[in-house]
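The values are calculated or read from the model by the stated rules, or taken from the named source; none is laboratory data. Please read these numbers as outputs of a predicted model, since none were measured by experiment. Cβ sites come from the backbone with ideal geometry, for glycine too, and all protein chains shown count toward neighbours.
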Amino acid sequence: MCMKKVLIICDLFPPAFGPRMGYLCKYLLAYGWEPAVLVEAVDDGHAFAFLKGSVPVTSVNFYTAKGKYARKLQWFFTFLLDSFFGYKDRRIYKEAKRLLREQSFDVILCSTFRTFPLTAARRTARKHNIPLVVDLRDIIEQYAGNEYIAHSIPLADSVGKVLAAWFKRKILRDRNRALRQADCVTTVSPWHVETLKQFNPRVKLIYNGYDPELFYPEQLPTAQFIITYTGRLLSTAMQNPELLFKALHTLHEEGVLSPADCQVHWYVDDASQKVIRREAEREQVLPSMCFKGYVPAAQIPHILNNSSVLLLLTNKSSGDGPKGVMTTKFFEALSVEKPILCVRSDESHLAAAIKETRAGLAAVTVEEVCDFLKHLYAEWKAKGYTAVAVDKEALRRYSRKEQAGQFAAVFNRVLTPNRV
């Protein structure tokens, strides 16, 4: 097979938190495409070190300062340089030109959760007349507030708000310029597709998913009835655990569940833990909370299989709520065939997917959560574990291996003369 080459220019890549591109590179060779990666160097604990593989990766390090405060200061000045002068995109563009002097590529794929490095990818594609595919994992319009900004802006509140508003307008303008010039756009949910079609009609849906080599069901008896959450909690406006906590409080009062036999395991960072503690204390269920901290992604399949219920946190999809959330946690939970509890239901695409796959409950009321947990607790008491019979055909569509084939089909399509 004659291999074609794709240059992936992205904001994150393994060993950092970049599963979408990491899994794509793992399976892409099977579809006749050879990837190379250009990415910002990010040190976030090597959560996805197992996905690094043998793909050639060129990393650009923007943060070289030592010490907590020096790094914060360097981040702030880099933020300013990048906001006003496109500093980070300029450096990525320079590296892309160097790579293209050394070898040729058939397609450029730029994957980002916000905007960077879209400008660099767009300039590179235009300069070298290479088809450009833009992959947007998350977009600013989906957030309830400013959760898309990685760090708080260290300025007086009013000045910070003005700067944040200006920053939002700028990155939307830069993003939309790149979208209009892309040969194809890929994204992660039906809501994202419809939103992005305003800027480019050639938008394709490629969900996030699960790796079938890592995620599969194992029926493992457990000593406790365990509800598990893995990931971050950005804000209660985006992810609201209130229905779960109120249900646990009700079931404790009724004598159905107790902290001795029912625990909620939180694999979260310190900032998320503070929010959860505050909300759990308010509903008087803090004794049922068990905080585990972040773990390497390779451990997640075992953790999910040792759970009784897998928790998804979101909120109603509305004008001031989250939109288009199709979290990777859903697909990984689906793959191990454990019951999923989504609180609060987004009443949108995630709830529809949970219903279609017969995977669990997207809850709107406390009573629904109580009934759901009572039923599963009885199953756990009887068997020592819980399981759910998911729709296998729907499950197959969410495989990372299948999705690599979908990306390859997009790359092949943009290479045709009409680039439909």
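Say we look at segment 184-243 and pick out the residues that are at pLDDT 95 or above and among the basic types (Lys, Arg); which of these is nearest to Ala47 (Cα to Cα)? My answer is Lys204. Residues that are assigned to a loop (DSSP other than H, G, I, E, B) and crowded, with 16+ Cβ neighbours inside 10 Å within segment 57-74 comprise just one, Phe62.
Taken together, Val390, Val309, Val325, Val369 contain a single residue that is closer than 30 Å to Leu132 by Cβ and either in contact (Cβ under 8 Å) with a residue 24 or more places away in the chain or of a type in the set (D, E, K, R) (or both), which is Val325.
Annotation for segment 300-314: at least one member residue is assigned by TED's automatic domain parsing to the domain that holds Lys246, outside any strand (DSSP E or B), closer than 18 Å to Gln142 by Cα and of a type in the set (Val, Ile, Thr).
Sort out for me the strands (runs of 3 or more DSSP E) sitting completely within segment 188-275 that have 3 or more residues that are farther than 27 Å from Val336 by Cα and not assigned by TED's automatic domain parsing to the domain that holds Glu393. Please lay out each step first, then the result.
Details: elements: 203-205, 225-230, 262-267.
Per the criteria, no element qualifies.
Within segment 261-319, which residues are modelled with pLDDT of 95 or more, farther than 27 Å from Phe48 by Cβ and touching a Lys or Arg at 6+ places or on another chain (Cβ under 7 Å)? Answer for segment 261-319, where residues must be modelled with pLDDT of 95 or more, farther than 27 Å from Phe48 by Cβ and touching a Lys or Arg at 6+ places or on another chain (Cβ under 7 Å): Glu283, Leu286.
Results for (1) outside any helix (DSSP H, G or I); (2) at pLDDT 95 or above; (3) touching a Leu at 6+ places or on another chain (Cβ under 6 Å), shown as yes or no for each residue.
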site	(1), (2), (3)
Gly53	yes, no, no
Phe76	no, no, no
Tyr93	no, yes, no
Arg101	no, yes, no
Thr119	no, yes, no
Ala125	no, yes, yes
